[in-house]
Each structure stands twice: as C-alpha cells, then as structure tokens.
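The values are calculated or read from the model by the stated rules, or taken from the named source; none is laboratory data. All values derive from a computational prediction rather than experimental measurement. Virtual Cβ from ideal backbone geometry, glycine too; neighbours counted across all protein chains shown.
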Amino acid sequence: MTDQTPLELEKPLVTQVSDIARPGVTTGLVDTTVEAGLELKARSQWSYARQRFLRHRLAMAGLTGLLFFFVVGIFANAIAPYPIDAIDLNHIMIAPTSSGHHWLGTDEIGRDFLSRIIFGIRTSEEVGLFVAFLGTIIGLALGAIAGYFGGLIDNLLMRLTDLVLTLPLLAVLLTVAALKGEGSQWRVSIIIALFLWTGIARIVRGIFLSLREKEYVEAARASGAGNTRIMFRHILPNTLGPVVVAGTLAVATGILIETALSFLGFGIKPPTTSLGVLIADGQNNPQKWWLTVFPGLAIVAIVLCINFIGDGLRDALDPQQRRVRA
Amino acid sequence: MLIYITRRFLYSIPVLALSSFLSFVFVSYAGDPRANLRANPKVSQLTLNHLAHQYHLDTSVPVRYWYWIQDVFTHKLGVSLITLQPIWPDITRTLGHTAQVVLLAECIALVLGIAVGIYSAVRQYSIFDYTFTSVSFLGFAMPTFWLALLLQILFVDIYLKWHVRIFYTSGLNTQGNATWSLDRWQHIALPVATLTIISFGLYSRYMRASMLDVINTDYVRTARAKGLSERHVIMRHVFRNALIPIVTVSALNFGAVLSGALVTETVFSLDGIGFYFVNKLGQLDVYAIMAYLMVTAVIIIAANLVADILYGYLDPRIRYD
C-alpha cells in the first residue's frame with residue numbers, strides 16, 4: 001500500500017513515524033516476528049473474518065452445496081444427459097425411473113426432465129447473480145451519494161425508497177415485467193434489480209452518514225483528499241461487510257422473485273427454461289407430481305445454500321448484527 | 001403522539017399521490033386498453049374513436065390521470081375499460097375473500113410463531129429448538145407458490161386414490177352450498193395453511209431472538225434473584241417485553257403477506273384480490289390494475305401507521321416528536 005522505495009534508510013524520519021502510526025499498513029507488523037521462541041502472527045480484520053466463516057459449519061455446507069449447483073449450471077451442456085429440447089416420442093410423461101435413461105421422468109412432450117432442470121438451474125443462477133450484482137452496484141452508488149452529500153439527493157433517495165415500500169413488491173414487479181419484460185431473461189433480471197437495490201442503498205447510506213463526521217475523514221480532507229477519494233478509499237471499505245452479506249442474500253431473493261414471476265406467466269417465457277417456467281408448465285398436469293416437485297426442490301436447495309452462506313458471512317463480517325433473518 | 005400520527009397520516013397522502021401518478025403513467029404508456037377491440041373486426045374505427053373520446057383516451061396521459069383521479073373519488077375507482085363494468089363491486093368482493101384467508105392465516109401464524117418462539121428461547125439449543133429452526137429456514141427458502149402446489153397435488157391425489165374429500169383445491173364454495181358452511185372451510189383450509197406456514201417461520205424466529213435479547217437483561221436477573229418462579233419470570237417479565245418487536249414485524253410484513261396471498265390465490269383459483277389482479281394484468285385492464293395497486297398501497301400504509309401507533313402504546317419509553 002505504501003510506495004516504498006528500495007532506499008529505505010534514506011527516507012526521512014517523518015515518514016517512518018507516520019508509518020508506525022498506521023499499524024497493519026507497514027510491512028514490519030504484518031511480517032512474522034520471532035521473539036524469545038514465540039511466533040506471533042499479526043492478523044488483519046479479514047483473516048479473523050475468514051476464520052470465523054470457515055468455522056461456520058452451516059455456511060461451509062452451504063458453500064459446498066452451492067459450488068455443486070454452480071458446477072451443474074456452468075457445465076449444463078456437458079452434464080445434462082439429453083439436449084434441452086430433445087424429444088423422446090417413446091417416453092412421453094413417464095414417471096422417474098431408475099431402469100430407463102430418464103432419471104427424473106419426462107414432460108408432456110417427452111423431453112428429459114433432468115436435463116431441463118439442469119438448464120433451468122443455469123438460467124435461475126444467472127438471473128440471481130445478475131440481479132444481485134446490478135442491485136448491489138446501484139444500491140452502493142446511490143447509498144454512498146445520498147449518505148455522503150446528504151441534503152436534496154438524500155431526501156430524494158429516501159422518498160423514492162418510501163415510494164417503493166408503499167406498494168406490494170410482487171405486484172409492481174408483475175406489472176412492470178408484464179408490460180416491459182417481453183419474457184426475456186435479461187430484461188426480467190434488469191427489472192428485478194431495479195426494484196431490489198433499496199435495501200442495500202439504505203445500509204450504505206446509514207454507514208456513510210455516521211462515518212462522514214468521523215475525525216479520520218476530516219483528517220483526510222485536511223490533507224487534501226477530494227470527495228471521490230474519501231468516498232472510495234476511506235469510507236466505502238467500511239461498508240463492505242454488510243454489503244457483501246446483503247448482496248449474497250439478494251441472489252436468493254432474485255431467484256425466488258424470478259421463479260414467482262415466471263410461474264405467474266409474466267416473467268421468463270419459453271423457450272428459455274428457468275425453474276419457475278418448469279413449475280408453471282408442470283401445473284398443466286397436476287397429477288404428474290415430478291413435474292412440480294423436482295424443480296421446486298432445486299429452488300429450495302439453492303436458496304437454502306445461499307441463505308446459509310449469507311448467515312455465515314453475517315456472523316463473520318458483521319458481528320454486531322443479529323442473527324435473525326428478516 | 002396525536003401530532004405525530006397526524007403528521008404521518010398527512011405525509012402518506014403525497015406519497016400515495018406520487019406513487020399513483022408514477023404507476024398510472026407507466027401502465028398507461030405501456031398498455032393500450034383498446035388492443036383487443038382493435039383486433040376485433042366487428043368494431044369499426046368510428047366506435048373506437050367514440051370510445052376513445054368517451055373515456056378520454058385521446059388526451060395525453062397526465063390529463064387522463066386527472067380524469068382518473070376524479071373518477072376514483074366520484075365513481076369509486078371508476079369503470080374497467082375492458083369490460084366496461086364498475087370496478088368497485090369486484091374490489092370489495094375479492095378483498096373480502098382475501099381478508100378471510102389472510103387474517104385467519106396471520107392470526108394462526110402469530111399465535112403458533114409466538115408460542116414456538118418462546119419455547120425455543122427458553123429451551124435454547126434443544127431438539128425442539130433445532131427442529132423449528134430448520135423448519136423456519138425451509139420456510140424462508142421455499143417459494144410460496146411451490147408450497148401451495150405441493151398441498152394441491154397432495155389433496156388432489158388423496159381424492160383420486162381414496163375418493164375422500166378432505167379439502168378442496170380450488171375455488172371458494174361448491175355449487176349449492178351455503179356460503180358459510182363446512183364447505184367454505186374445506187375450501188379455504190389449504191390457502192390458509194400455505195400462508196400460515198410461510199409467515200410462521202418469520203414470526204417464530206423473531207420471537208425467539210427477541211426473547212433471547214430480553215432474557216439476558218439485568219432486570220430479568222433481578223427478577224430471578226428475587227426468587228420468582230421461572231414461569232413467572234418468563235411469562236410476566238420476559239414475554240411481555242419480547243412481544244413488542246413482533247407487533248412491528250407483523251405489521252411491516254403486511255406487504256409480503258399480500259404478495260404471498262396473490263400467489264396463493266392464483267394457485268387455488270380463489271376469488272381474492274390477488275387473483276383478480278393477475279387476471280386483469282393478463283388482460284391489460286389499466287384501471288383495474290391501478291385499482292389493485294392503490295387499494296393495496298392504502299392497506300400497507302395503514303398497516304405501517306398502526307404498527308407505529310401500537311409500538312408507542314406498548315413501549316412507553318418510545319417518545320414521538
């Protein structure tokens with residue numbers, strides 16, 4: 001972090017004093033020191049957080065599960081036993097069998113259901129990640145601006161989030177997706193993200209509001225740092241913990257909302273397959289239970305994994321927070 | 001207190017006005033209510049123009065908003081542009097059905113959630129606690145519509161296999177039955193169960209956490225030190241204070257509950273306001289969509305206001321100014 005020249009000794013004393021005043025930044029403190037046979041290792045906040053996370057059993061289980069689902073999603077083409085729209089006319093709507101090739105049965109026109117679920121997992125994961133990413137970026141940017149500058153922008157932003165909070169979220173999303181979604185995966189993802197950033201914006205705004213009055217920010221300003229530098233270098237890193245937690249949980253929310261929209265017929269539409277689309281299709285044949293049960297199980301498993309990871313991250317990064325999920 | 005309530009109430013008026021304006025502009029620009037008529041070869045251009053003029057569709061959207069607002073207050077939310085029927089009777093009927101299901105489910109979920117929350121907190125890390133923690137985690141991860149579908153599939157299967165009708169899986173009443181008879185209960189049981197399960201997880205977790213917060217306070221230790229029985233301490237000293245956050249949570253949760261009701265009603269084809277909305281959205285019935293959004297917005301704002309008032313009443317330490 002410090003731009004140290006090879007000519008250490010020739011540096012003026014003042015720099016060294018200021019280096020000592022910032023523990024953790026200088027190389028001396030990060031290094032392992034050997035003193036009287038004892039090895040002391042200075043740990044950063046992050047290494048404590050990492051340890052707390054790695055010890056969190058549920059979070060590790062969630063991480064393993066999620067890795068599995070991501071591998072399935074990424075390598076869907078290689079893993080799926082059949083192409084997504086291959087039709088097997090000899091096996092139409094058969095129940096899951098272990099003897100044949102259709103492990104999870106086939107749908108109403110004889111497409112292998114396991115393959116369709118694997119491709120559905122891919123779509124749902126893409127939507128969840130994209131929604132969380134875009135939502136976090138928007139929330140970070142607007143929350144930072146509102147919290148740092150305050151005044152009119154802050155007021156506007158908070159009134160806007162008030163507005164979003166007065167309407168039932170699902171109904172608003174349904175309306176927007178019905179009119180502007182066109183059944184496309186990316187359009188639907190963008191629409192969901194545009195309504196999901198408010199939570200993150202509120203978190204970031206709160207932290208910025210409290211930190212902008214701190215002495216170290218004043219010191220940074222006194223030493224000539226501009227607004228951008230203060231915002232990005234001095235305050236933003238402090239929001240990272242809560243934002244990472246909220247962003248992780250937003251992946252789950254994104255997936256759940258997408259499946260609900262698609263199920264009601266206003267989200268993603270065929271030929272794109274998401275887990276919600278599969279359940280919506282299965283509803284035409286309520287007695288073929290596997291058409292409903294398996295895609296739903298996949299959703300529950302993915303969301304459960306993400307929630308476990310989110311809880312682990314919260315315990316690791318944000319120890320003051322309560323463990324209850326809202 | 002009264003001043004605070006009045007101010008909150010007055011503040012909600014511009015919020016409501018702005019959100020109605022924004023949604024009206026959006027819905028009106030995006031959807032053409034005459035699309036169906038236009039596609040119908042029996043409807044002439046003259047009729048279309050006439051209709052457009054009669055319902056102010058030939059004016060700009062902000063002007064139309066003004067006409068709509070007048071309609072909302074003088075003609076109770078106006079007339080649907082697709083069916084040309086008044087909207088208000090539909091709204092009151094469907095809202096009544098939704099209220100039956102939602103309020104029943106919320107009451108059961110609150111009672112169960114509070115009971116389980118208390119017991120989980122008192123016996124923290126017991127098998128009971130772990131079981132219900134897992135149940136509520138599952139509840140958080142489960143899409144509402146999937147749970148509803150599972151129940152539906154299960155009871156359809158039971159009926160087809162053994163020919164016993166325990167619960168019906170769609171509608172509100174079978175033809176020929178009195179509205180309020182056993183028949184109605186058999187119909188709303190599954191939607192109520194769905195919504196109960198979804199809300200229960202949230203309430204039990206919150207109750208547990210808030211109980212644990214209070215159990216570790218000094219005055220509870222004092223109460224125990226005085227020699228009060230554990231039962232007395234839990235019920236009189238901990239429980240009553242732990243209840244306060246639940247009140248807020250249940251009121252703030254009302255938006256999510258309405259979203260859940262929307263999905264559940266659609267699965268069970270229940271004639272509630274959410275199902276009405278989904279149908280009208282499919283037909284792009286602009287004024288009916290607006291009616292739903294406005295009615296639910298009013299309900300949510302009212303629920304938030306009630307939460308604020310109750311909070312101040314239950315916790316005398318809270319001062320409004």
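Here are a few things to note about the model shown:
- Every pair of residues 6+ apart whose Cβ atoms lie under 9 Å, when the first sits in the range A:164-175 and is modelled with pLDDT of 80 or more and hydrophobic (A, V, I, L, M, F, W, C) while the second is assigned to a loop (DSSP other than H, G, I, E, B) and surrounded by 24 or more Cβ atoms within 10 Å (Cβ to Cβ): A:L173/A:G267; A:L174/A:G267
- Of all residues in the range B:150-170 being more than 8 Å from every other protein chain (Cβ to nearest Cβ) and of a type in the set (A, V, I, L, M), the one that is surrounded by the most Cβ atoms within 10 Å (Cβ to Cβ): B:L151
- Taken over the range B:271-284, the criterion of being hydrophobic (A, V, I, L, M, F, W, C) and either assigned to a loop (DSSP other than H, G, I, E, B) or facing chain A (nearest Cβ under 7 Å) (or both) is satisfied by B:F277, B:V278, B:L281, B:L284.
- Residue list for the range B:60-116, filter: over 24 Å from the mean Cα position of the chain (by Cα), hydroxyl-bearing (S, T, Y) and closer than 25 Å to B:S19 by Cβ: B:S60, B:Y65, B:Y67, B:T74
- Failed condition for A:T273, given (1) at pLDDT below 90; (2) surrounded by fewer than 24 Cβ atoms within 10 Å (Cβ to Cβ); (3) touching a helix residue (DSSP H, G or I) at 6+ places or on another chain (Cβ under 7 Å): (2)
- Residue under evaluation A:Q4, criteria (1) modelled with pLDDT of 50 or more; (2) part of a loop (DSSP other than H, G, I, E, B), criterion not met: (1)
- Single residue of B:T6, B:T59 found to be farther than 17 Å from B:M290 by Cβ, β-branched (V, I, T) and either within 12 Å of chain A (Cβ to nearest Cβ) or free of Cβ contacts under 8 Å to residues at least 24 places away in the same chain (or both): B:T6
- Meets criteria (surrounded by fewer than 22 Cβ atoms within 10 Å (Cβ to Cβ), assigned to a helix (DSSP H, G or I) and not acidic (D, E)) for B:R317: no
- Scanning the range B:139-149 for residues that are part of a helix (DSSP H, G or I) and at the interface with another protein chain (Cβ under 7 Å from one of its Cβ atoms) gives B:F140, B:A141, B:F145, B:W146, B:L149.
Residue-by-condition table, conditions (1) surrounded by 20 or more Cβ atoms within 10 Å (Cβ to Cβ); (2) assigned to a loop (DSSP other than H, G, I, E, B):
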| position | (1), (2) |
| --- | --- |
| B:F239 | no, no |
| B:G255 | yes, no |
| B:S259 | yes, no |
| B:S269 | no, yes |
| B:A291 | yes, no |
| B:V298 | no, no |
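- For B:V306, the conditions (1) touching a residue at least 60 places away in the same chain (Cβ under 8 Å); (2) β-branched (V, I, T); (3) over 23 Å from B:T194 (Cβ atoms) all hold with the exception of (1).
- Selection from the range A:45-69 of residues that are of a type in the set (A, V, I, L, M), surrounded by 12 or more Cβ atoms within 10 Å (Cβ to Cβ) and under 16 Å from the mean Cα position of the chain (by Cα): A:A59, A:L63, A:L66
- Qualifying positions in the range A:253-274 - within 9 Å of chain B (Cβ to nearest Cβ) and either closer than 19 Å to A:F113 by Cβ or touching a His at 6+ places or on another chain (Cβ under 6 Å) (or both): A:T259, A:F263
- Test: A:I230 is at pLDDT 90 or above, in contact with a Lys or Arg (Cβ under 7 Å, 6 or more places away or on another chain) and of a type outside the set (F, W, Y): no
Conditions (1) out of contact with any helix residue (DSSP H, G or I) (no Cβ under 6 Å at 6 or more places or on another chain); (2) within 27 Å of B:W185 (Cα to Cα), marked per residue:
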| residue | (1), (2) |
| --- | --- |
| B:S80 | no, no |
| B:L95 | no, yes |
| B:Q100 | yes, yes |
| B:L103 | yes, yes |
| B:C107 | yes, yes |
| B:A115 | yes, yes |
| B:A121 | no, no |
| B:I127 | yes, no |
| B:A141 | no, no |
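- Members of the range B:241-253 found to be in a helix (DSSP H, G or I) and facing chain A (nearest Cβ under 10 Å), listed by number: B:P245, B:V249, B:L252
- Residues that are of a type outside the set (S, T, N, Q), free of Cβ contacts under 8 Å to residues at least 12 places away in the same chain and not in a helix (DSSP H, G or I) within the range B:156-211 comprise B:H163, B:V164, B:G176, B:A178, B:W180, listed in sequence order.
- Filter result for A:G128 (of a type in the set (G, A, S) and outside any helix (DSSP H, G or I)): no
- When residues of the range A:183-197 are limited to those that are surrounded by fewer than 19 Cβ atoms within 10 Å (Cβ to Cβ) and touching a residue at least 40 places away in the same chain (Cβ under 8 Å), the one farthest from B:V27 (Cα to Cα): A:W186
- Of all residues in the range A:63-83, exactly one satisfies the criterion of being outside any loop (DSSP other than H, G, I, E, B), farther than 17 Å from A:T123 by Cβ and either modelled with pLDDT under 85 or small (G, A, S) (or both), namely A:G65.
- Within the set A:L264, A:L256, the sole residue that is under 28 Å from A:V176 (Cβ atoms) and more than 19 Å from the chain's Cα centre (by Cα) turns out to be A:L264.
- Test: residue in the range A:210-230 that is in a helix (DSSP H, G or I), surrounded by 19 or more Cβ atoms within 10 Å (Cβ to Cβ) and in contact with a Gly (Cβ under 8 Å, 6 or more places away or on another chain): no
- Taking the range A:125-163 as the range and being modelled with pLDDT of 90 or more and within 14 Å of chain B (Cβ to nearest Cβ) as the test, the residues that pass are A:V127, A:G128.
- Where B:D90 falls short, out of the listed (1) more than 14 Å from B:A291 (Cα to Cα); (2) touching a Phe, Trp or Tyr at 6+ places or on another chain (Cβ under 7 Å): (1)
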